[in-house]
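Following: one structure in structure tokens, then a few remarks.
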Amino acid sequence: MLIDTHTHLNDKAFDADRKDVIARSFAAGVERIVEIACAPGEWRQGEDLCAAYPGQITCAFGAHPEYTKTMPADLLAQLDAYMAKPCAVALGEVGLDYWWDIGTREEQLALMNAQLPLCAKFNKPAVFHARNGKTAAQNAYADLLEALKKWDHRPARRFRGVLHCFSGSWEDAKIGLDMGLALGVNGTFTYKKNDALRETVKKAGMGNIVLETDCPYLPPQSSRGQRNDPAHIPEIAVMVAGHLGLSNGALAAATTANAFDLFGQL
Ligand SMILES: [Zn+2]
């Protein structure tokens, strides 16, 4: 079984053929999908998508740092209601993004920190977004991991969160793993220039990674420039297995077990 732990299937990029894309993804061997509804305007759509695919699609609800400056006053009350829904499996994606000019470090941290208590309240993990800025001083990973030292959510499961679309250094990965965070591996693993990421994932090992597409963004090397979708998960899995010296079956079993250790039942 393969799982896509991070999709944005409600993106308008899928408006013309969403059902076909999802059918093709299941036919390709992806048996579970975690949709990420990361703005208040997407939460209802996320719930509806889960309702259309019971037992196959579940959802994370949260507010991405991209929306730091545009949050409604009753954000937390609304989010609380969505986190209580049976289809909710995580908070997210939340975090820090220093690439785009979307709010100061303090504003972004405030938005994330306001949401994190919902993990303990609902016993759910968090899906974290971190993207460094254009200068070395704009280190989102360092700031995120420092902030999470104060995060006291300790679920019974092995992982309490995931560093989705991991793009940090091995030092960042090591700190995250020690904190009980899994690493989300996607199409960026297949990019020609990403030798450092491949080595980091190898050091982390199959016990600490989950697979994702982050579709419609970040298609694997073979499809760069095109729309991404969950049917690319098998291709990403084969490349990761090859790099780690594992059989495809072993990689699929390990990453699926890790996804359950992160989200619980999907
Ligand atoms: Zn995402």
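If we count every other residue with Cβ under 10 angstrom of residue 21's Cβ, Lys/Arg +1 and Asp/Glu -1, where does the sum land?
Combined, the nearby Lys, Arg, Asp and Glu give +1.
For residue 217 and residue 80, compute 0.36 nm times the residue count separating them, minus their Cα-Cα distance, and round to one decimal in nm.
Once the chain is fully extended between residue 217 and residue 80, it gains 46.5 nm.
With +1 on each Lys and Arg Cβ and -1 on each Asp and Glu Cβ, how big is the dipole of the chain about its Cα centre, in debye rounded to the nearest 20?
Its charge dipole is roughly 520 debye.
Pick from 90, 73, 147: which is most flexible by mean-square fluctuation in a GNM of the chain where alpha carbon atoms under 10 Å apart are linked?
73
Can you put 43, 99, 151, 170 in order, fewest other beta carbons within 10 Å first?
99, 170, 151, 43
For a quick check: sort 167, 222 by the number of other beta carbons within 10 angstrom, fewest at the front.
222, 167
Comparing 231, 196, 60, which has the greatest mean-square fluctuation in the GNM of the chain with Cα pairs linked when under 10 Å apart?
Of the options given, 196 has the highest mean-square fluctuation.
Can you tell me the FRET efficiency between residue 174 and residue 11 if r is taken as the Cβ-Cβ distance and R0 is 35 Å, rounded to the nearest 0.05?
0.60
Charges on Cβ only, +1 for Lys and Arg, -1 for Asp and Glu, centred on the Cα centroid of the range 2-263; of 13, 139, 194, which one is farthest towards the dipole's positive end?
The listed residue farthest towards the positive side: 194.
Taking a Cβ-Cβ separation under 4.7 Å as the criterion for a possible partner, which cysteines of the chain have none?
Flagged as lacking a Cys partner: 38, 59, 119, 165, 215.
If the chain between residue 105 and residue 52 were fully stretched, how many nm would it gain, using 0.36 nm times the residue separation less the Cα-Cα distance?
Length gained, residue 105 through residue 52: 15.3 nm.
Along Cα→Cβ, 7 Å out, is where each label goes; now give me the distance between the ones at residue 247 and residue 134 in nm to one decimal.
Inter-label distance under the simple model: 4.9 nm.
Of 69/150; 121/150; 149/192, which pairs sit farther than 26 Å apart, going by alpha carbon to alpha carbon?
Those over the limit are 149/192.
Based solely on C-alpha atoms, express the radius of gyration and the Dmax of the range 2-263 in angstrom.
16.9, 50
In nm, to one decimal, how far is the modelled label at residue 199 from the one at residue 150, with both set 7 Å along Cα→Cβ?
Label at residue 199, label at residue 150, 3.5 nm between them.
Summing -39500 (n - 2.57) over the DSSP H runs of n ≥ 4 in the chain and dividing by its residue number, what mean residue ellipticity at 222 nm do you reach, to the nearest 500 deg cm²/dmol?
Using -39500 (n - 2.57) per qualifying helix, the result is -12000 deg cm²/dmol.
If we count every other residue with Cβ under 11 angstrom of residue 87's Cβ, Lys/Arg +1 and Asp/Glu -1, where does the sum land?
-2
Can you tell which of 62, 168, 187 shows the greatest fluctuation in a Gaussian network model of the chain with Cα springs below 10 Å?
Looking only at 62, 168, 187, the biggest GNM fluctuation is shown by 168.
Quick note: the coordinates plus some simple rules give every number you see, no bench work behind them. The model shown is predicted, which means the values in this text are computed figures rather than measured ones. Quick reminder, even Gly has a Cβ in these numbers, built from the backbone with ideal geometry, and neighbours come from all protein chains shown.
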